[in-house]
């Protein structure tokens, strides 16, 4: 069974306002404002175009950023994705 | 209702109805220099609860377009306070034309300082002191930020001074009666000066955002963007209800206006800090 | 007392990622397990509204009456396996607030309690009970 792929909620559903180390995101369907801290804004940007599974997302992020020790990077990424999904900012396809 | 009056404060018209004449008389006296409302955006109703309570141990239930079921009634002697609380309630729960911030606002020329803080942070007293020094008083309970333009619109209601601040009442102002034994202690309402009332339709562009704290050693700290934005959402009584225009208005305010946290030990130090920050803009 | 307050530069991710062999990527922390990186801002309601809200949250909202509640809080057809029948009456704001702080909703067991709370957490604007739920999330009660 293929790993689930994730995609950011459509651009028309979100208002994104970078602040400093936090980014504010207004989620139009719920009317809720979320405060995101890294790596959530970066994940959201990486998932803005094509859907990616956790492994592909990890690869994409490590091309752009230095993620440090590999460790349980994929597990942490899945935890981050779960938070973004719960807020409606990322969806599974 | 048996007794009623209307009044306008900035862009908002109120109709106030009462089962007793006293509160209406007190409102009309305090608001004698204010225009009547051509259109009532909100109704405030000061009600007796049970019909016989108009005479027997009269106490006022605050009602209106919006009401709080658990709000405790006030004694008839505090009718003016009930009317003021009633107006606050309508604004806090019903106003949607502007983003509301718990803040006082003063202006010089066409630019304004927005001072955000909870009751007791000193924003009312600072506003009063600055108004004494030539700043235009635009309000001390609610700052009205127009989502379309980002301008602050005046909402110059009378200031309610409490306890120690009562000593600061400027001479020559229209005041309400001294109300003792209220839930907040002794209170007296003081109308703004006539120039401020006359200018109630003139908006100003926010140029400085202050988060004052009274009673601490003098300190000034610029606010980082995220902290400023979150504090603004916490200071807004209608942020959730405003939805997207609220988000846009507060992100714009945060982006366009310098934000500073100011601690000050006393009124004079507060004034000095404000004037210094303004001069440095 | 000298600083001119300046608007902060908004941060972005720094220079475009380099394709050169030497890594000039900026560090990105993937975060710690248990530390949240997405937090809903819970704006305070008006100071004047008092501490107890008499609002109600129906589970599910009237538009979905008859649906059951799945473990993750989504609504599913009645009697779907693994889902829970809805509670017999709407919950008050006070009941939901206590449950969100670790208590349990009335008329539920630990499993259905979690399902109902997940349903409530997923409420969107326009759904019955959303305003009540949003208003519960004010700091300090």
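The numbers here are math on the coordinates, done by the rules we state, and not lab data. Source: prediction; values computed, not measured. So basically every Cβ, Gly included, is an ideal-geometry build from the backbone, and we count neighbours across all protein chains shown.
Laid out as a table, the results:
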read-out	value
Cα Rg, Dmax, segment A:53-93, angstrom units	10.7, 29
Average beta-carbon neighbours from other chains, 10 Å sphere, peptide B:254-262	3
Ordering of B:226-232, C:83-89, A:21-27, B:152-158 by packing [mean C-beta count within 10 Å, highest first]	B:152-158, B:226-232, A:21-27, C:83-89
Principal axis box of segment B:1-111, alpha-carbon based, largest edge first, Å	52, 29, 22
Inter-chain Cβ neighbour average for residues B:240-249, partner chain, 10 Å	5
Angle between chain B longest axis and helix B:244-256 axis [Cα atoms, degrees, rounded to 10]	40
Projected label distance in nm at residue B:163 and residue B:198, using a 7 Å step from Cα toward the beta-carbon	3.7
Rounded to whole Å, sorted largest first: equivalent-ellipsoid semi-axes of the protein assembly as shown, Cα gyration tensor	45, 32, 17
Acute angle (nearest 10 degrees) that the helix B:21-30 long axis makes with the longest principal axis of chain B, alpha-carbon atoms	30
Nearest-ten-degree value, helix B:267-279 long axis tilted from longest Cα axis of chain B	50
Fewest-first sequence of B:218, B:160, C:67 by Cβ atoms within 10 Å of each Cβ	B:218, C:67, B:160
Highest average packing first - B:26-32, B:206-212, C:106-112, Cβ atoms within 10 Å	B:206-212, B:26-32, C:106-112
